[in-house]
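Undergrad: Shown below is the structure under consideration.
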Amino acid sequence: MTQVVGRSPRGFTLIEVLIALLIVALGTGAALMALNSAADNTTRLRDRTFAEWIGFNQISATRLAPTMPTEGVTSGDIEDYASVRWHWQQEVTQISLPGIYRITVKVRHADGTGDNDAVWLANVTGFRGDAVAAGNGELPNWNGSPPNSGQRPGGASENAAPGSNPPSND
């Protein structure tokens, strides 16, 4: 067995160690950038989810109000929802169907400025109508039995006085 004089048979050279350290440093930097990006995406998705919840809550409040909404734009602030201040803007418009209104709510952070679409985190849409009966004037039959022609709900005939019992066939 021959050995080269002046060189140790074991260990790494300084250049090999420096190259290995460079590879580890680049890999660690890439991993940290990926973790930072994932954390930013999580924060962004959390904010968008909260903004959608606020928008849907505003639509629900408008739909549950005892009076029909008026057409136009309204806005408001929510002081502390998930430890953040929020601003919402609601637009109510009449659509082509009579008695049906479109409710569009946009939500952003309260400290955001401007009205461009990039600032709004969520844009949700709902509808509210004033119809309480089917289009032909008859009340819908929800119990699955066949419709009785000439009778109102509860068994009263159209000719019977309101509040009176239908005639019996005894």
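Every read-out reported here was derived from the displayed coordinates using simple, explicitly stated rules and does not represent laboratory data. The model shown is predicted, which means the values in this text are computed figures rather than measured ones. Cβ coordinates were reconstructed from backbone atoms using ideal geometry, including for glycine residues, and neighbour counts include every protein chain displayed.
Undergrad: Are there GluC sites (Glu not before Pro) in the range 19-93 that DSSP marks as loop and that have at most 15 other Cβ atoms within 10 Å, and which are they? Could the numbers behind the result be given before it?
TA: On the way: sites: 52, 71, 79, 91; in loops: 71.
Of the GluC sites (Glu not before Pro), the ones in loops of the range 19-93 whose Cβ has at most 15 other Cβ atoms within 10 Å are 71.
Undergrad: What length, rounded to one decimal in nm, is gained on full extension from residue 20 through to residue 97, with 0.36 nm per residue of separation minus their alpha-carbon distance? List each step's numbers first, then the result.
TA: Working: separation 77, 0.36 × 77 = 27.72 nm, distance 7.05 nm.
So the extension gain works out to 20.7 nm.
Undergrad: Below 14 angstrom from the Cβ of residue 41, what's the summed charge of the other residues (Lys, Arg +1; Asp, Glu -1)? Write out the running numbers ahead of the final one.
TA: Working: positive: 44, 46, 48; negative: 40, 47.
With Lys, Arg at +1 and Asp, Glu at -1, the net is +1.
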